[in-house]
Amino acid sequence: MNLYFMRHGIAADGADGGVKADRERSLTPKGLKRMQKAAKGVAALSLSFDRILSSPLERARQTAKIVAQTLKLEDRLEEIEQLCPERSAQELLAGLATYSGDKEILMVGHEPLLSSTVSFLLSGKARTEIRLRKGGLCCLEVDDLPPKEKVVLHWVLTPKQLRLMAR
């Protein structure tokens, strides 16, 4: 099974546009444009996902929707609370057990949850220094959920690399 971790695109600051709650922060015009191009980079990788899971926060929902639309996989898009930024790697992995029959899962969420989950899967600790940039994508191979054997890091792509692949 391959797990893909994507951080949401560039979002408005909390003070911008009268946003009252963190959950409501949306992608900026620049964030939307860059994510549309990055999603084309994902398409250039010929990736297809059995499931696209998103945090319910607006900026992650927008990012996941852009990717799903670009790949024509809108019917595979779901929101899960375990991708909220205040959750732990262990909570996210427990929530993913529901999808153990899927082979390719894209998760769109937030820092530090995504990096701590990647770290936890690779080292057994959530403290290894791994950072996903906004719009970045990482691929890990696991044997099962929860993993019983070693986890393989296949690649990490920056948002710029994804955008360049779209050309």
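Just so it is clear, none of the values below were taken in a lab; they were calculated from the coordinates. All of these numbers come straight from a predicted model, not from anything done at the bench. Here the Cβ is made from the backbone with ideal geometry for all residues, glycine too, and neighbour counts use every protein chain on show.
A compact table of results
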read-out: Theoretical ellipticity at 222 nm over the chain - DSSP helices of four or more residues, -39500 (n - 2.57) apiece, nearest 500; value: -10000 deg cm²/dmol
read-out: Proportion of all alpha-carbon pairs of the stretch 47-167 beyond 26 Å (%); value: 13 percent
read-out: Förster-model FRET efficiency, 22 Å R0, Q69 and Q90, C-beta, rounded to 0.05; value: 0.10
read-out: Exceeding the 22 Å Cα-Cα cut-off - candidates K103/K160; K103/K125; K37/K72; value: K103/K160; K103/K125
read-out: Highest-fluctuation residue, L106, L53, L32 considered, GNM on the chain with Cα pairs under 10 Å; value: L32
read-out: Of the trypsin sites (Lys or Arg not before Pro) in the stretch 48-101, those whose Cβ has at most 16 other Cβ within 10 Å and which sit in DSSP loop; value: K72
read-out: R0 of 45 Å, Cβ-Cβ distance E141-A21: FRET efficiency to nearest 0.05; value: 0.80
read-out: Förster-model FRET efficiency, 30 Å R0, V152 and L32, C-beta, rounded to 0.05; value: 0.35
read-out: Extended-chain gain in nm, criterion 0.36 nm per residue less alpha-carbon gap, S46 and E79; value: 9.5 nm
